[in-house]
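Some notes on the structure that comes next.
The values are calculated or read from the model by the stated rules, or taken from the named source; none is laboratory data. Computed from a prediction, not measured in an experiment: that's the story for all the values here. When we count neighbours, we look across all protein chains shown, and the Cβ atoms used for this are built from the backbone with ideal geometry, even at glycine. Side chains are part of the model used for accessible areas, which takes the heavy atoms of the whole protein and leaves out ligands, DNA and RNA. Shrake-Rupley method; radii C 1.70, N 1.55, O 1.52, S 1.80 Å.
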Amino acid sequence: MAAVPEPGGDDLSRSGAQWYAAEWARAVRRLGFVPLSAAETERLLHLHTVRLAQALLAEPFSPLPAEEVGRALVEEHLTEPRVLDWSVRALGDRFAARVVPGRADGDGTAQRVAALQGALAAGFARALRDRTFAQQERIARSAWQARDDVEQALRDSEARFRAVFVGAATGIGIAGVDGQIIDVNQAFADMLGYSIEELRETNVAALFHPDDAAGMWELYQELIEGKQDRARVEKRYYRKDGSVVWTDLSVSLIRHDDGRPRFTVAMIEDITERHELQQRLRFQALHDPLTGLPNRTLFFETLGRVFDVADVARRVGVCFLDLDGFKAVNDSLGHDLGDRLLVVIAKRLADCVAGRGHLVARMGGDEFVILVDDGAGIDDAVGVAELALAAVSAPVRIGEQQLAVSASVGIVECPVGGTSASELMKAADTTLYWAKAEGRGRWAVYDPERGARDLARSALAAGLPAALDRGEFVVHYQPIVSLVEGSMLAVEALVRWQHPELGLIGPDRFIGLAEETGLIVRLGEWVLRQACRDAEAWRREFPRAQLVVSVNLAARQADDPGIVDTVADALASTGLPADLLQLELTESAVMGTAGEPLRSLHRLAALGVRMAIDDFGTGYSNLAYLRRLPIHCLKLAGPFVEGIRGEDAEAVPDHRDERIVDALVRLAHALELWVTAEAVETGVQAERLRALRCDTGQGRFFGPPAPAAEITARLRGDDDRGATA
């Protein structure tokens, strides 16, 4: 190799070149066998570093020195492919920045470095090729020389293997097919805490962890039988001190020339830290960080395994627990105290339930779930729920606060074959809400029939918006009749749902759903407009009747700031006079009205619309407040009217109801209000109400709710009789 000048030039960093050469030397010794000492290797690579730096700075530029360096690496037996890979990558990644830092990025340095990389790789490859050709030529020239070369190569190979075997950071062990250890390197011995001599007298079976020993012998057996030549597994070994080390084990079978197994070579890497990290990450992924309980992911994994492997007759139960009033704790005492409360509750549940073999998990928020697997029946699940409720209900002291806590539990228990994991949890969630609806600190058991009813109710709620869009709702009208003259003075608009599958559905099945979902505003507006259209049609055809249409106004509609505009638009678009429209509100809604809703009532009354209080007598009326409201009519609640019976009625007449009705009628008349009695079912009731000076009546006795066409027919009959008279 030609002599290389000493480093020089303003752009070349001597310290950078020394650093780069040292890094290069360490990488070369780490990546492959080096037949030189560390100092010799670093000194040699320092010369190559300087040569590459001078080539980079030379003018004109030529990559030829890099090719010579590549050839020199091969000539110096640094032929490990990873050495070439590291050398080329380092030349591009860090060479210019560390060795020639004064050279600007924009002066073609990147292109020169790339050219040097290519030349280095090309020189390395050509040198390997030339060396191979030279060896082949020498072999061809002389058979005896070839034999000597082979023997030398074997010795070199043995030396390289021995260097790798001794100096490798990875543990390497050689064992006979019977498992007796033949030799190990120092890394293997250090990993297991033995000396090399101790391991040479040991059978690998003594090192196996008992949980995977059988599997490892099966692996050896497959290797020996020739079913596979190599295998890779993660397994545990015992150290000399009894501790466990997790390893990544690669085993290869070495055969005789005739194919018979000779010995096995095992390479093991200590992955204990990685395994423990994986275990911690898995624990974190499957456990609640606040309480340490299994989370919903682990719960559903466990529940899924039960359904996957269990016999169809095996019983499974779920207790779904939710703390009562936990939001109030967070809102009043703070989330920090709420979190501490959850930790206490979680520990109590784990202590009283998990100790019995049941899985307790936190589903999120203040919800917990208990899996009762392979129980004897519903009594077992109920017993678990009662234990949980008792544990939760004990007073909790957190700092200076003593809290009284209760919970509600939904219980579902059935054979595995009768349901699925998702259906089981859905039923448990439903049952939890049943328990909450019945009061605090109690449990409820799933009832399939009730669940079916709730499901049907949910289906109705989901179908309401589309039904309104498709025009499936109809309005029926119930007559309101004068108790003095017997003539029909008004009708009440009552909405019905003409369901395509269930037929005609009464309001008791969907009005509550509409209020819960907020659809009541849209639905109420539709009923209002339809009632106004029908009422205007009756007014035009029967102008003498002056029939008033009464429309119920839900509390949410009354609270809507746009209700006055909606009513005004309905009257304007249909042409109905305002005094022929009556809006009914419940007593509780009217008595609680204040602010904008109260102003809306006065603005509606200012339009000329009549206002009525429905179901009067069932709330808590403030009479002074009632006097200031723009009310025209009181509709007496049905229960009072039902108590007024004739002598032929099955039940004994309740004279208290009669006295109450009398007082209410007198009160209304004193306030100059009209009185309508609802739920009039018999002639005796009508006669008694007439005697009490009630103005109008409404109920089955006067006619059930009917389509608009029937009201038209009734008006036409009354009109014909009037014309005849």
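Using a 1.4 Å probe, what is the accessible area per residue for segment 271-356, in Å²?
Heavy-atom accessible area per residue stands at 55 Å².
Evaluate E = 1/(1 + (r/R0)^6) for GLN136 and GLN279, where r is the Cβ-Cβ distance and R0 equals 56 Å; express this FRET efficiency to the nearest 0.05.
0.55
Mean separation of Cα pairs under 8 Å and 6+ residues apart, divided by the residue count of segment 472-529: what relative contact order is that in percent?
RCO, segment 472-529: 26 percent.
Full-extension gain between ARG305 and ASP183, please, as 0.36 nm times their residue separation minus the C-alpha to C-alpha distance.
39.4 nm
Please give the residues of segment 262-283, grouped as numeric ranges, whose backbone N is less than 12 Å from a label point set 7 Å along the Cα-to-Cβ vector of ARG230.
Counting backbone N atoms under 12 Å from the label point, the list is 265-267.
Enumerate the amide H contacts of ARG239 below 5 Å, restricted to partners 5 or more residues apart or on another chain; note that Pro and chain-start residues carry no placed amide H.
Residues meeting the criterion, in which the H sits 1.01 Å from N, are VAL244, VAL245.
In the chain, with Lys and Arg counted as +1 and Asp and Glu as -1 at Cβ, which of these residues, PHE320, PHE188, GLY512, has the Cα nearest the positive end of the dipole, that is, farthest along it?
PHE188
Can you tell me how much longer the chain between ARG470 and ARG509 gets when fully stretched, taken as 0.36 nm per residue apart minus their C-alpha distance, in nm with one decimal?
Working it through step by step, the gained length comes to 12.2 nm.
Of ILE411, LEU464, GLY383, whose Cα points farthest to the positive end of the dipole of segment 377-481 (charges on the beta-carbon: +1 Lys, Arg; -1 Asp, Glu; origin at the Cα centre)?
LEU464
Mind pulling the angle between the C-alpha long axis of helix 421-437 and the longest principal axis of the chain? Nearest 10 degrees, somewhere in 0 to 90.
Once rounded, the angle reads 40 degrees.
Nearest 0.05, what FRET efficiency do ASP379 and ALA437 give at R0 = 22 Å with Cβ-Cβ as r?
E between ASP379 and ALA437, to the nearest 0.05, is 0.40.
What percentage of the solvent-accessible surface of the chain, computed with a 1.4 Å probe over protein heavy atoms, is contributed by carbon and sulfur atoms?
Answer for the chain: carbon and sulfur cover 52 percent of the accessible area.
Quote the relative contact order of the chain in percent (integer), defining contacts as alpha-carbon pairs under 8 Å separated by 6+ residues.
6
Could you calculate the contour length gain from ARG260 to VAL484, that is, 0.36 nm times the residue separation minus the distance between their Cα atoms, to one decimal place in nm?
68.8 nm
What does the C-alpha gyration tensor say about the overall shape of segment 474-621? Classify as rounded when a/c is under 1.5, otherwise prolate if a/b is larger than b/c, or oblate.
In terms of gyration-tensor shape, rounded.
Given the pairs LYS327/LYS635; LYS327/LYS426; LYS347/LYS426, which span a C-alpha to C-alpha distance of over 29 angstrom in this model?
LYS327/LYS635
Using alpha carbons only, how many degrees (0 to 90, rounded to 10) separate the axis of helix 14-31 from the longest principal axis of the chain?
Result, in degrees: 90.
Under the rule of -39500 (n - 2.57) per DSSP H run of 4 or more residues, summed and divided by the residues of the chain, what mean residue ellipticity at 222 nm is obtained, to the nearest 500 deg cm²/dmol?
-16500 deg cm²/dmol, from helical runs alone.
Which percent of Cα-Cα pairs in segment 516-581 sits in each 5 Å bin, short to long?
3, 19, 29, 22, 14, 8, 4, 1, 0
Restricting things to alpha carbons, tell me how big the chain is in terms of Rg and Dmax, in Å.
Final numbers for Rg and Dmax: 46.7, 146 Å.
What size of dipole, in debye to the nearest 20, comes out for the chain about its Cα centre when the only charges are +1 on Lys and Arg C-beta atoms and -1 on Asp and Glu C-beta atoms?
It works out to roughly 1180 debye.
Please report, in Å, the Rg and the Dmax of segment 433-533, where both are computed over Cα atoms only.
17.9, 57
Taking a point 7 angstrom from the Cα of ASP559 along the C-beta vector, which residues in segment 308-344 have backbone N less than 20 Å away?
Taking a point 7 Å out along Cα→Cβ of ASP559, the residues of segment 308-344 whose backbone N falls under 20 Å are 328.
Could you please put LEU303, LEU31 in sequence from largest to smallest accessible area, using a 1.4 Å probe?
LEU31, LEU303
How many nm is it between the label spots at GLU449 and ARG690, if each spot is 7 Å from the Cα in line with the beta carbon?
Taking the simple label geometry, GLU449 and ARG690 are separated by 4.5 nm.
Suppose each label sits 7 Å from its Cα in the direction of the beta carbon; what would the GLU218-ARG627 distance come out to in nanometres?
Inter-label distance under the simple model: 9.3 nm.
Excluding ligands, DNA and RNA, what is the solvent-accessible area per residue of segment 393-524 at a probe of 1.4 Å, expressed in Å²?
Roughly 49 Å² per residue, with all protein chains present.
For segment 20-96, count all C-alpha to C-alpha pairs, find those more than 17 Å apart, and express that count as a whole percent of the total.
40
Within 10 Å, at most 12 other Cβ atoms, and a DSSP state outside H, G, I, E, B define an exposed site. Report the longest part of the chain free of exposed trypsin sites (Lys or Arg not before Pro).
228-543
Below 8 Å, C-alpha to C-alpha, sequence gap of six or more: please give me the relative contact order for segment 314-402 in percent.
39
Once both axes come from the Cα atoms, what is the angle between helix 213-224 and the longest principal axis of the chain, in degrees from 0 to 90, rounded to 10?
So the helix axis and the longest Cα principal axis differ by about 50 degrees.
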